[in-house]
Amino acid sequence: MSWINSNRILSIQSNETLLPFGDTAQSLYVQGPQPIVAFAPDISDQVISITEGQSFNVQIALDTNSNIVNQYGETNAPSWAVLNQITGVFNGTAPAYTGSSDDYIIACKGANVLGGITNFSVTLRVL
């Protein structure tokens, strides 16, 4: 049974004494649900071709039957490539093709609200 006082919520059950709700000496702290890491999205490494000097707008592709992704992240994208963390779209303007190392490998993550996280890479290949 519970009573609400103007400043405190009090509870009582048979054979128990009255204690203020939240009394740190008597409180039971229950942890909420834990992450379900097996529910991580399925996202494979991918290569996306973009044209030098042209603007681009490309979606990170999920594998077939992947779990939902609620947030994307990246750690080392070049300054000319911006990732929308909600939609998983990279956009920007590709730099000039230099003919040597024109693959830009970006470390990415995809996560969902249940706690699953997948690491993958996106290679932006300038042609």
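Specify the residue that is nearest to ASP103 (Cα to Cα); the eligible residues are those in segment 52-69 that are polar (S, T, N, Q) and surrounded by 13 or more Cβ atoms within 10 Å (Cβ to Cβ).
That would be SER66.
Give me the strands (runs of 3 or more DSSP E) completely within segment 36-98, filtered to those with at least 2 residues that are in contact (Cβ under 8 Å) with a residue 40 or more places away in the chain and closer than 12 Å to CYS108 by Cβ, ordered by residue number.
Of the strands (runs of 3 or more DSSP E) lying wholly inside segment 36-98, those with at least 2 residues that are in contact (Cβ under 8 Å) with a residue 40 or more places away in the chain and closer than 12 Å to CYS108 by Cβ span 46-50, 71-74.
Which of the residues that make up segment 70-105 are among the aliphatic types (A, V, I, L, M) and modelled with pLDDT under 95? Spell out how you get there, then give the answer.
Keep residues of segment 70-105 that are among the aliphatic types (A, V, I, L, M), which gives 77, 81-83, 86, 89, 94, 96, 105.
ALA96, the sole residue that qualifies.
Considering every residue within segment 26-37, establish whether at least one is modelled with pLDDT under 50 and either surrounded by 12 or more Cβ atoms within 10 Å (Cβ to Cβ) or under 30 Å from the mean Cα position of the chain (by Cα) (or both).
No, because not a single residue in segment 26-37 is modelled with pLDDT under 50 and either surrounded by 12 or more Cβ atoms within 10 Å (Cβ to Cβ) or under 30 Å from the mean Cα position of the chain (by Cα) (or both).
Whether any residue in segment 100-123 is touching a strand residue (DSSP E or B) at 6+ places or on another chain (Cβ under 9 Å), in contact (Cβ under 8 Å) with a residue 12 or more places away in the chain and on the phi > 0 side of the Ramachandran plot is what I want to check.
Taking every residue of segment 100-123 in turn, none turns out to be touching a strand residue (DSSP E or B) at 6+ places or on another chain (Cβ under 9 Å), in contact (Cβ under 8 Å) with a residue 12 or more places away in the chain and on the phi > 0 side of the Ramachandran plot.
Identify, please: which residue in segment 106-116 is loosely packed, with under 15 Cβ neighbours inside 10 Å and among the aliphatic types (A, V, I, L, M) and is, among those, nearest to VAL69 (Cα to Cα)?
For segment 106-116, the residue satisfying everything is VAL113.
The values are calculated or read from the model by the stated rules, or taken from the named source; none is laboratory data. These numbers come from a predicted model, not from an experiment. Quick reminder, even Gly has a Cβ in these numbers, built from the backbone with ideal geometry, and neighbours come from all protein chains shown.
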